[in-house]
Amino acid sequence: MDSKLLNVRCDNCGAEYRISSRGEMVCRFCGSNVYLSDKDFKAYKNTRDNMLMTDRFTNDEAADTGDVLRLWNNGSKANFTTIKGINISFDCYYSVILDDKEVYIGSDKIAVIFSNTFSLTNFTINLSQIEYPSADIKDLSRFLPNIIFKSDLEDGRAIIIVSKTDNIYPLFLFENLKATTVAWIISRLENLGCLLEFNNMDFRALRVEDLYINPKTHELFILDGWDGAEKTSRRNYLKDMRLIAKDIMDTSTAPELCMEFLDGEPKETAYDDFSAWDEVIMKGFNGHNFHQFNK
């Protein structure tokens with residue numbers, strides 16, 4: 001019997017599954033996987049054999065969470081002393097000085113220095129109040145901060161340290177990204193917007209400095225800015241998302257429907273906005289097709 005064509009797409013996000021050397025169908029965007037046995041592959045034997053030979057090596061390499069971009073090529077130390085006299089020496093590779101905080105970015109941690117303890121308290125309280133839908137198939141908590149240390153500092157400021165997985169970089173390092181790359185970033189922001197909607201929460205202002213990205217998977221993380229979140233029915237986030245997307249995108253590569261969406265007003269709810277964006281994906285980008293970063 002001739003082998004049928006196997007074309008399996010992820011139920012979660014629509015990206016095409018790739019096969020690993022262990023026989024798992026792995027989504028390179030959202031990380032979900034399905035294991036297909038020999039029985040499952042019975043009608044697709046030729047496809048299976050070809051995929052195992054040609055795809056498993058590249059997929060296993062893509063699954064590696066190492067520093068693929070080699071951006072961590074220099075570093076310095078930032079030193080802080082807590083109110084209890086504990087000295088913290090933080091290895092950082094990038095730092096950002098904002099009006100209300102300083103951010104020090106290391107290979108596996110992020111240190112945020114608040115100008116006062118009130119901001120630290122807001123950050124932790126807002127995170128602790130977030131509830132997740134029962135059908136949270138994307139495990140959205142992965143894209144929010146995981147606090148591993150917090151303390152007041154002896155100079156009246158406050159510090160919080162957030163864990164950061166390998167291969168996660170500040171979004172502000174990138175610019176002139178192609179629309180096919182930014183489309184995946186927008187999709188993740190729309191996911192997280194629905195989580196904010198579910199919690200009746202919004203950011204007073206979402207900044208590009210609050211966002212981090214995994215260039216291999218296009219996964220987008222909101223790891224900062226939670227001190228500026230609040231319980232509210234406003235949806236400033238949906239406007240900020242559009243501005244950030246246009247700032248990092250080479251708009252000349254964007255289809256017309258994409259720019260109409262970004263230049264237009266947000267929908268009434270985050271759910272409606274996500275639905276409208278999905279229509280742009282289907283009609284403007286010809287569906288949920290995974291593209292290599294900035295390709």
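The values are calculated or read from the model by the stated rules, or taken from the named source; none is laboratory data. Quantities reported herein were computed from a predicted structural model and do not represent experimental measurements. Here the Cβ positions follow ideal geometry from the backbone for every residue, glycine too, while neighbour counts run over all protein chains shown.
When segment 170-223 is filtered for residues that are under 25 Å from Tyr104 (Cα atoms) and hydroxyl-bearing (Ser, Thr, Tyr), the ones remaining, listed by number, are Tyr212, Thr217. Within segment 248-263, the set of residues being within 20 Å of the chain's Cα centre (by Cα) and exposed (fewer than 15 other Cβ atoms within 10 Å of the Cβ) comprises Asp250 only. Annotation: of all residues in segment 112-133 being within 16 Å of Glu230 (Cβ to Cβ) and small (Gly, Ala, Ser), the one that is surrounded by the fewest Cβ atoms within 10 Å (Cβ to Cβ) is Ser128. Checking Glu154, Glu209 one by one, the residue that is surrounded by fewer than 21 Cβ atoms within 10 Å (Cβ to Cβ), outside the structural domain of Phe80 (by TED's automatic domain parsing) and touching a residue at least 40 places away in the same chain (Cβ under 8 Å) is Glu209 and no other. Looking across Phe143, Phe203, Phe221, one residue alone is in the same structural domain as Ile83 (by TED's automatic domain parsing), touching a strand residue (DSSP E or B) at 6+ places or on another chain (Cβ under 7 Å) and of a type in the set (Phe, Trp, Tyr). It is Phe143.
Restricting segment 264-295 to residues that are in a loop (DSSP other than H, G, I, E, B) and of a type in the set (Gly, Ala, Ser), the residue that is surrounded by the most Cβ atoms within 10 Å (Cβ to Cβ) is Gly287. Assess whether Pro215 counts as being more than 18 Å from Leu173 (Cα to Cα) and part of a loop (DSSP other than H, G, I, E, B). Considered against the rule, which asks whether it is more than 18 Å from Leu173 (Cα to Cα) and part of a loop (DSSP other than H, G, I, E, B), Pro215 comes out as no. Criterion applied to Ser187, Ser233 was being of a type outside the set (A, V, I, L, M, F, W, C) and either touching a strand residue (DSSP E or B) at 6+ places or on another chain (Cβ under 6 Å) or part of a helix (DSSP H, G or I) (or both), and the one residue passing it is Ser187.
Check segment 270-279 and report whether any residue there is assigned by TED's automatic domain parsing to the domain that holds Asn236 and more than 14 Å from Glu190 (Cβ to Cβ). Looking through segment 270-279, none of the residues is assigned by TED's automatic domain parsing to the domain that holds Asn236 and more than 14 Å from Glu190 (Cβ to Cβ).
For segment 191-200, taking the residues that are crowded, with 20+ Cβ neighbours inside 10 Å and touching an Asp or Glu at 6+ places or on another chain (Cβ under 7 Å), the one that is farthest from Ala276 (Cα to Cα) is identified as Leu196. The set of residues from segment 107-142 being among the hydroxyl-bearing types (Ser, Thr, Tyr), without any contact (Cβ under 8 Å) to a residue 24 or more places away in the chain and not in a helix (DSSP H, G or I) comprises just one member, Ser134.
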